[in-house]
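The values are calculated or read from the model by the stated rules, or taken from the named source; none is laboratory data. Bear in mind the structure is a predicted one, so any value in this text is a computation, not a measurement. As a convention, Cβ positions derive from the backbone with ideal geometry for all residues, glycine included, and neighbour counts pool all protein chains shown.
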C-alpha cells in the first residue's frame, strides 16, 4: 500500500490563468522582458543609449551601452548595474559583439542583406525587438510596487488557508470491515490498536498508521474534504479511495510560514506582466483584421537555417564560447 498520492503541487499557482496559452512568441516576449524586472521599480534606472564608445570595428562603433544591454539581456547584470572592463564576463560579451559586428559587415559586403528571404528575416527580427519594447513599456507602466504589494498580500492570505495537517489512517479492503472498526472506535477501542491489528497498509501499520504532515490540497480526492471536516483528535467516518476503505485520524494542524515578498517577487512580476500582455493581445486581436492566405509561398533561408535559430546563431560560434543562462 502506498501513501495517498497528491493531485499535484498546490503552491499558490500564479500562472494558472495562463496555463492554456501556447504561443511560444508570447512566452518568450514576457520572459525576455521580465528578466530585468525583478528588482523594486524605484531602483530600476533605465539604461540609456550613450555615445561612449568601447571599441570601433573597421570604423563602426560598439558603444558601452551596447555591452551593458547585451549583459542585461543575458541576465549577467541587472539594469543600472555598472559593467565595465575588469568585470566578470565583460571581455566575453565585448568579444561576442565584435564577432557579431565583423560577421554583419562581411554579410553586408557580400550583399546578403538583399533579396526577399533576407529582407523578411530582418523584418522578423525587427518585429521581435519591437514586441520586447512593448512588453518592457507595459512592465514599466503597469507592474508597479503597489501592484506587486497588493498581489503579495493576496498570495499570503491564500497560503495561510493551506494548513499542514498531521494524519493517520486505517486501511481495509471492504466497507463492512471499515464500518465494524469505526463502530469499535466509537465504543471505546483505540485507533492505534486497530491500526496494528487490522490495517492492510504495510507501510504505516507498525507506525500507528502515521502519514506525517501533509497539505490537504495536495491530497487526492476525497482526502481534502474528509480532512476539512475532521477536527484535531477526531476520527472520520469510513470513506473510499482508489486504495480501499479508510478511517482517518487528524492528529495536529499547523500553518506553514508564507514566502517572503522577495521570494515571491519573480512569480508576481511574471504574472502581472502576463496579465498585461494578455489584455493587450486580446484587444489587438479583436481590433485587427487577420486574414489567412490560401497558400503562402515557403521561403527557404539561403543559409539553410530556420527562422527560429536566428537569435541563437552567434551564440553557437565556437570562438565566442558563449554560455546560455537558464532562466
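At a glance:
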quantity	calculated
Subset of the range 141-157 (residues that are assigned to a helix (DSSP H, G or I) and under 16 Å from residue 279 (Cβ atoms))	141, 142, 147, 151
Lone qualifier among 294, 287, 237 - being modelled with pLDDT of 90 or more, out of contact with any strand residue (DSSP E or B) (no Cβ under 7 Å at 6 or more places or on another chain) and over 30 Å from residue 146 (Cβ atoms)	237
Those strands (runs of 3 or more DSSP E) lying entirely in the range 184-286 with at least 2 residues crowded, with 20+ Cβ neighbours inside 10 Å	244-254
Among the candidates 313, 281, 248, residue that is modelled with pLDDT of 90 or more and closer than 30 Å to residue 123 by Cα	281
Test result for residue 212, under 35 Å from the mean Cα position of the chain (by Cα) and at pLDDT 90 or above	yes
Residue match in the range 165-177 (condition: assigned to a helix (DSSP H, G or I), surrounded by 12 or more Cβ atoms within 10 Å (Cβ to Cβ), touching a residue at least 40 places away in the same chain (Cβ under 8 Å) and not assigned by TED's automatic domain parsing to the domain that holds residue 230)	no
Matching residues, the range 116-139, being more than 16 Å from residue 265 (Cβ to Cβ), touching a residue at least 60 places away in the same chain (Cβ under 8 Å) and either in contact with a helix residue (DSSP H, G or I) (Cβ under 8 Å, 6 or more places away or on another chain) or loosely packed, with under 12 Cβ neighbours inside 10 Å (or both)	116, 121, 124, 125, 128, 131, 132, 134, 135, 136, 138
